[in-house]
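FYI, it's all coordinate maths here, none of it is from the lab. Being a predicted model, the structure only gives us computed values, none of them experimental. Positions of Cβ are backbone-derived with ideal geometry, glycine not excepted, and every protein chain shown enters the neighbour counts.
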């Protein structure tokens, strides 16, 4: 059975920091999607000319918020989530690693009323994936397994950018992390809230550090800390 997806039902939250080379193309790709109601771009203190590109965007669906200083992806996401108006909210990085053409498959479980949150997994399905760093994949799997152990979820890709929510779900979660620890924090708090979580396969065109990749080993260490921290917080609230 084909499930019709209402047009302009999706708010896209795009945290952005020094993405001059990709921001315009990324926004163009996002705006091609018929499901997009608005794109909330939260520029996190860019110094490379990204803000000049954003200032020239004339599509009324693009809404730009300029952070006064670089505070981290988590900080940018919190601001973006608070500004959304669509029925559903998805995170879109400002690079070209994730393809907005995957929005449709991500939205289907939400539109069907089966899910409250959908994770787009880079490790499920048969879509194209760029082959890059072995140790990154090992670290990702370790983080996902560790998260699954404390949340009792069975995710294959906890660190994915593509997390999509019913708007009332994400706006009800009190998020604290300022940097990349936001990923395990969201996952832990979604699990603690008892929300219905689905996972669908997506494509992935990862980039190298020379191409602008920003996450490093220190962020991985912080992610492990956040997995433990927020699982303990969730258990205390339940007790």
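Here the scattering of segment 138-192 is modelled by Debye summation over its C-alpha atoms, one equal scatterer each and no solvent; at q = 0.25, 0.31 Å⁻¹ the log10 of I(q)/I(0) is -1.09, -1.41.
When 224, 165, 81 are sorted by how many other C-beta atoms sit within 10 angstrom of their C-beta, beginning with the fewest, the order is 224, 81, 165. The ranking of 149, 57, 158 from fewest to most other beta carbons within 10 Å of each one's beta carbon is 149, 57, 158.
Kirkwood hydrodynamic radius of the chain, from the reciprocal of the average inverse Cα-Cα distance over all distinct pairs: 18.0 Å.
Calculated [222 nm] ellipticity per residue, helices only, for the chain: -11500 deg cm²/dmol; basis is -39500 (n - 2.57) per DSSP H run with n ≥ 4, divided by all residues, nearest 500.
Just round it to a whole percent: the fraction of Cα-Cα distances in segment 1-125 exceeding 21 Å. Value for segment 1-125: 38 percent of Cα pairs lie more than 21 Å apart. Residue-normalised convex hull volume from the C-alpha trace of segment 6-77: 74 Å³ per residue.
Average projection, convex hull of the Cα set of segment 46-188: 10.1 square nanometres.
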